[in-house]
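The values are calculated or read from the model by the stated rules, or taken from the named source; none is laboratory data. What you are looking at is a predicted structure, and each value in this text was computed from that prediction instead of being measured. Here the Cβ positions follow ideal geometry from the backbone for every residue, glycine too, while neighbour counts run over all protein chains shown. Keep in mind that these areas ignore ligands, DNA and RNA; they rest on the heavy atoms of the full protein, side chains included. Shrake-Rupley method; radii C 1.70, N 1.55, O 1.52, S 1.80 Å.
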Amino acid sequence: MLELLPRGLLLPPIALLIAALACWGVLSMYPRLGRQLMGMCLLGLLVLSLPITPALMFASLDAGIELREPVFGASFDAVAPPAAIVVLGGDGGFGRAQGAIFGGAQLGALSLERVRAGAALQRRTGLPVLITGGALRDDSPPIAALMARSMQDSFNTEVRWIEPRSSETWENAEFTAPMLAREGIKSVYLVTHPWHMRRALVAFGHFGITAWPAPTSLAMPPRLTLDQLLPSVTAWHDSYLAIHEWVGFAVYALRG
């Protein structure tokens with residue numbers, strides 16, 4: 001039953017807001033307990049609205065990600081170096097007019113950042129590129145196809161393979177693995193956002209692919225400044241992303 005609900009309703013901050021509203025009904029029967037529970041939910045919403053909170057969670061997701069040569073200056077030692085670049089699909093959007101300039105299905109900001117990072121990595125290494133990601137909704141093309149077109153048109157970079165069926169990170173790895181195996185490729189650079197990298201590595205490792213992190217960027221260490229302690233709507237969004245990634249990592253770790 002839980003699988004039928006949007007994920008955003010199951011995780012904070014929306015889940016805390018729903019819980020706070022539910023506590024309102026408890027007040028009439030158990031006033032003291034209802035006030036305590038509602039206070040805890042509201043306090044949680046406040047904490048998640050502070051930019052320092054998602055900043056710390058993102059930093060924890062980045063921790064331990066090792067950047068490898070020839071891109072970042074370390075050595076591969078005895079491990080086989082990457083033979084391809086895999087770029088994970090991201091978000092998308094829709095314009096107001098189908099077929100108009102910038103109308104219809106488009107890439108979102110996250111997808112564009114991954115396309116740019118993948119193109120830069122391809123120019124530096126000369127390795128072939130695979131992009132993985134299915135349709136974000138029934139009436140749209142696969143996100144991998146949109147990203148491949150953007151990489152070609154905007155960054156003059158060819159994409160050798162497109163995986164158009166996957167709907168989540170686990171399927172990115174599951175459907176990509178046999179495509180790479182047919183080419184004899186067992187080691188790749190993995191391009192995605194740093195906060196998404198931790199569970200992506202678990203997924204690709206589960207399907208026998210040695211994936212070397214090539215994140216779009218690494219977050220700056222959080223600094224305790226005044227603006228980091230002022231509530232922000234953006235912080236709620238970022239907190240949701242960070243919590244979603246930690247929950248996803250835990251689920252993937254149990255699968256593996």
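Computed per residue of the chain from DSSP H runs no shorter than four, each worth -39500 (n - 2.57), the mean residue ellipticity at 222 nm is -16000 deg cm²/dmol.
Bridges between two residues of the chain, per DSSP, are antiparallel at a rate of about 20%. Karplus-based coupling profile of region 192-208, in residue order and whole Hz: 6, 6, x, 6, 9, 5, 4, 6, 4, 5, 4, 5, 5, x, 4, 9, x, with θ = phi - 60° in 6.51 cos²θ - 1.76 cosθ + 1.60 and x standing for Gly or Pro. With each label modelled as a point 7 angstrom along the Cα→C-beta vector, the Leu229-Leu17 pair spans 2.6 nm.
Sorting Leu226, Leu121, Leu43 on solvent-accessible area from highest to lowest, probe radius 1.4 Å, gives Leu226, Leu43, Leu121. Modelled spin labels at Ser60 and Asp139, positioned 7 Å past Cα toward Cβ, are 4.1 nm from each other. Amide H to amide H distances under 5 Å link Ala135 with Ile143, where only residues 5 or more positions off or on other chains count and H is placed in the peptide plane. Report the paramagnetic label zone for Leu46: residues of region 214-256 whose backbone N is under 12 Å from a point 7 Å from Cα along the Cα-to-Cβ axis. From region 214-256, the list is 231. Heavy-atom accessible surface of the chain, averaged per residue, reaches 55 Å², computed with a 1.4 Å probe. Rounded, prolate or oblate: which fits region 111-188, taking a ≥ b ≥ c as square roots of the Cα gyration tensor eigenvalues, rounded meaning a/c under 1.5, else prolate when a/b beats b/c? Oblate shape, in that a/c is at least 1.5 and b/c is the bigger or equal ratio.
In a shell of Cβ-Cβ distance under 15 Å around Leu112, excluding Leu112 itself, what net charge do Lys and Arg (+1) and Asp and Glu (-1) give? My count for the surroundings of Leu112 gives 0. The residues neighbouring Cys23, those whose beta-carbon lies less than 12 Å from its own, together hold a net charge of +2 under the Lys/Arg +1, Asp/Glu -1 convention. Name the residue from Gly133, Ile185, Trp170 whose Cα lies farthest towards the positive end of the charge dipole of region 133-188, charges +1 on Cβ of Lys and Arg and -1 on Cβ of Asp and Glu. So the residue furthest toward the plus end is Ile185.
Taking the accessible area of the chain, probe 1.4 Å, and keeping the other protein chains in place, the carbon and sulfur fraction comes to 62%.
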